Amino acid sequence: MGIFDFLTGEFIDVIHWTDDTRDTMVWRFEREGHEIKYGAKLTVREGQAAVFVHEGQLADVFTPGLYMLETNNMPILTTLQHWDHGFKSPFKSEIYFVNTTRFNNLKWGTKNPIMLRDPEFGPTRIRAFGTYTIRVREPARFMTEIVGTDGEFTMDEISFQIRNIIVQEFSRAIAGSGIPVLDMAANTADLGKLIVAEVSPVLEQYGLEMPEFYIENISLPPAVEAALDKRTSMGLAGDLGKFTQYSAAEAMTAAASNPAGGGMAAGLGAGMGMAMAQNMARPGPWGAAPQPQQQAAAPVPPPPPVEHVWHIAENGETRGPFSRADMGRMATSGELKRATHVWTAGQDGWKLAEDVQELAQLFTILPPPPPPGV
């Protein structure tokens, strides 16, 4: 192999780029010394553009296709000084590949709440977030305004700036739209078009365009949402009088089904329900609608004490149940004695009748003395 063949083989003949990432926007074709052989082949694939930079100046932009880097398709090469040797002179230039496909599912959102004047709620704050799509429309302008000499430019390097532009235009457009907060969800498509129209002129200065823009959610502060939920609940309640009666009936049902509350809870629930119904039904002055009364409800008496019933054990058998009155008659007749074993619900095992305070009284009551002269 001769010296001229060796020197010719030292320079690159094919220039191309295959992107294996999802966020690379610009990639510079690397070659030590940036030496590119005159007549080399340049392959630009679909979704790409190649920007040729010679001696610091942007020379040309190549769209998808196969090119021969020669004088007939690159006028700038006519100014190059070719060597007086047996091989064609190389030239030192740079080629940047620009990804012209869409970068999808990019996030945007309001870092701080946006202040606006709502026609229904008055001054309020909202937050919003969504997604957008970006694409390089003019590779030459994008290289000049944004990339510069960066050998590998990614979407992350410009996404923050784009988000700031979106939030700024969104805040200005939403505050001046006059759309009520409650109607914004039904107008997100129109709002999205309005935002794109405002953002596009700024992006054009960077050589970019925004094919898609979506508003996923517009939300109110938590305190405002809680007040709105309460207002919605009041609207669902309808007639407050009927709603109050319904709530009282629900409380009575819950109290009656609560075993811990017993009869007292049921009595209290019934008393509250009756008092509330009377107040709601009492007519106002001059035939006006019923007016609720401010008087406190009468206190409800406590339920009567629960009477015990007793069982008696004699000769290995049990009898009963007997009421306290029955036990009193049996004590008078002698059928119930002090040593008789008795038991009632809640008592810890069988006990003698004289050891139960409630029954011991039956044996200590003596009849009064007879009247004199009898």
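The values are calculated or read from the model by the stated rules, or taken from the named source; none is laboratory data. Everything quoted here is computed from the prediction, not taken from an experiment. Please note: Cβ atoms are built from the backbone with ideal geometry, for glycine as well, and neighbour counts cover all protein chains shown.
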Taking into account only those residues within segment 109-165 that are among the acidic types (D, E) and assigned to a loop (DSSP other than H, G, I, E, B), which is nearest to V224 (Cα to Cα)? E120
Just to verify a result, which residue in segment 189-199, among those that are out of contact with any helix residue (DSSP H, G or I) (no Cβ under 6 Å at 6 or more places or on another chain) and surrounded by 16 or more Cβ atoms within 10 Å (Cβ to Cβ), is modelled with the highest pLDDT? V196
Give the residues of segment 103-116 that are in contact with a Gly (Cβ under 9 Å, 6 or more places away or on another chain) and over 15 Å from S219 (Cα atoms), sorted by residue number. K107
Within segment 195-218, identify whether any single residue is aromatic (F, W, Y) and not in a loop (DSSP other than H, G, I, E, B), and answer yes or no. yes
State all residues of segment 114-124 that are of a type outside the set (S, T, N, Q), touching a strand residue (DSSP E or B) at 6+ places or on another chain (Cβ under 7 Å) and surrounded by 15 or more Cβ atoms within 10 Å (Cβ to Cβ); if no residue qualifies, say none. I114, L116, D118
Has segment 118-125 got any residue that is more than 24 Å from the chain's Cα centre (by Cα) and either at pLDDT 95 or above or under 22 Å from L208 (Cβ atoms) (or both)? no
For segment 45-61, give me each residue that is in a strand (DSSP E or B) and under 22 Å from R22 (Cα atoms). Q48, A49, A50, V51
Restricting segment 103-131 to residues that are touching a helix residue (DSSP H, G or I) at 6+ places or on another chain (Cβ under 7 Å) and among the aromatic types (F, W, Y), the one farthest from T63 (Cα to Cα) turns out to be F121
Suppose we filter segment 29-69 for residues that are under 11 Å from S93 (Cα atoms), at pLDDT 80 or above and not β-branched (V, I, T); how many remain? 5
Hits in segment 136-179 - residues which are over 21 Å from A197 (Cβ atoms), out of contact with any strand residue (DSSP E or B) (no Cβ under 6 Å at 6 or more places or on another chain) and of a type in the set (F, W, Y): F160
If I filter segment 320-356 down to residues being outside any helix (DSSP H, G or I) and among the acidic types (D, E), which single residue comes out as farthest from V309 (Cα to Cα)? E335
